[in-house]
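Comments concern the structure below.
Here, each number is a calculation from the coordinates, and none is a lab measurement. All values reported here derive from a predicted model rather than from experimental measurement. Note that each Cβ is placed from the backbone with ideal geometry, even for glycine, and that neighbours are counted across all protein chains shown.
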Amino acid sequence: MGPRRTEHLLALREALSDPEFILRPELGSDLADVVMESLQKKIPDWKEVAYLCEIGGLVRQPKLVDTIRGVFARATGLGLKSSARKALLNLGLTEADVNRKAPIHSILVLEPSAFFRKRLVSSLASVGRWQLQEAGNRAEAKALLEAAPVDLLLSESQDQEGDLAAWLEAQWTEGRCRSVLFSVSSRDLGALAEAPWVETTLFKPYPIDQLLRALGE
């Protein structure tokens, strides 16, 4: 911890890279826990995130795959993207595995309309594949996301407080969701629909089958 944290992480990465260094299994597991806990926090210095990913790859603990895959998916800079990719390859993934979209296990439905929200949640629940939560506004959604991040945020582009774009991007940037699937009334999203955190966009009203296809069902 402290102002020299990035420097110390670099030193740790270099030590673990030494081919003569022998990493005891229990130490590897402890380091993996530290990496996982650290990457779940908001870290302003991308180099620190990159070093954490590389350390995670060097300890070769499979439990880090989902966490580092999330960093890889959110990364926009080439340096961080490269570090996360290298870590995933060290963890045993192939290039095809790295580029393949991770499966969706958890979904948070953020929909101001109670009627439409219940319809979405009920339809998704009938498939029986996902852990589902629901929220009617960003305040309710924030509390749920802070308690447990989700793989997908199925969301309107607006709530009672106004435009959700900046708020949604913050949830993605801070690792509270892996991606966003827009379920919107507005046809005028402009460049927002092409944001790196947007999985796809569905325009209301749409048949539930269209949503299921977007989710790979």
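Assorted remarks:
- Net charge dipole size for the chain [Lys, Arg +1 and Asp, Glu -1 on Cβ; Debye, nearest 20]: 280
- Each peptide in 57-70, 76-89 was scored by the mean count of other Cβ atoms within 10 Å over its residues; highest first, the order is 57-70, 76-89.
- Point-charge dipole on Cβ atoms (K/R +1, D/E -1) for region 71-190, about Cα centre, debye to 20: 480
- Theoretical FRET efficiency, 1/(1+(r/R0)^6), r = Cβ-Cβ of Q158 and L202, R0 25 Å, to 0.05: 0.95
- Shape category assigned to the chain from the gyration tensor of Cα positions, a/c cut at 1.5: prolate
- Difference of contour (0.36 nm per residue) and Cα-Cα distance, E169 to R129: 11.8 nm
- The helix-based estimate of mean residue ellipticity at 222 nm for the chain, built from -39,500 (n - 2.57) per DSSP H run of four or more residues and divided by its residue count, is -15500 deg cm²/dmol to the nearest 500.
- Degrees separating the helix 114-127 axis from the principal Cα axis of the chain, which is the longest one: 60
- Antiparallel DSSP beta bridges within region 106-214, percent to nearest 5: 10
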